[in-house]
Amino acid sequence: MELFILTPATEESYGQPPTTITLPITRLDSTQATRFRQQYEAVVQGQPCYLGIDLSRVEFLDSAGLGALVACHKHVRGLGGQMGLIAPRHMILQLLRMTSLDKVLMVYVDQEDFAKNVGRS
């Protein structure tokens with residue numbers, strides 16, 4: 001299976017004429033959940049794969065963000081693949097533990113850890 005790393009991002013336009021740049025998101029919340037879904041579906045393309053979600057820049061996660069991660073996990077598992085979370089910050093890890101999602105969503109220290117260990121559990 002192929003291995004992919006997805007850093008959730010948003011696009012911003014500035015200036016005249018508009019220049020569009022892609023920026024990693026710092027909040028995975030109700031304002032970003034739909035965009036995140038579109039991003040992971042575009043990466044997976046209906047094929048089984050190992051998908052790592054790089055959360056190293058995400059500072060805030062609400063219930064919509066948690067729901068988006070769970071939906072991504074179910075989507076990837078339904079295709080026969082595996083999904084993992086890469087480098088979530090301390091506050092995000094605490095939230096995963098409080099909701100017991102750390103028992104469902106595999107957490108990896110960094111991208112190298114993900115690449116080396118995904119599929120071994």
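Given the -39500 (n - 2.57) contribution per DSSP H run of 4+ residues, what per-residue ellipticity at 222 nm results for the chain, rounded to the nearest 500 deg cm²/dmol?
Details: 4 runs with 44 residues, N = 121.
Value at 222 nm, helices only: -11000 deg cm²/dmol.
Roughly what would the spin-label model give for ALA9 and THR99, points 7 Å off Cα along C-beta, in nm?
With each label point 7 Å from Cα toward Cβ, the separation is 2.5 nm.
Distance in nm between label sites at LEU79 and MET1, each 7 Å beyond Cα in the beta-carbon direction?
Each label point is offset 7 Å from its Cα along the Cβ direction, giving 1.0 nm.
I want to make sure I understand the PRE zone here: with the label point 7 angstrom from the Cα of ASP110 toward its beta carbon, which residues in the range 17-47 have backbone N atoms less than 20 Å away?
Counting only backbone N, you get 24.
Neighbouring Cβ atoms within 10 Å as the yardstick, rank THR10, THR19, THR31 fewest first. Let's see the in-between values first.
Numbers: THR10 16, THR19 9, THR31 13.
Sorted ascending by nearby Cβ count, the order is THR19, THR31, THR10.
Every read-out reported here was derived from the displayed coordinates using simple, explicitly stated rules and does not represent laboratory data. Computed from a predicted structure; not experimentally measured. Please note: Cβ atoms are built from the backbone with ideal geometry, for glycine as well, and neighbour counts cover all protein chains shown.
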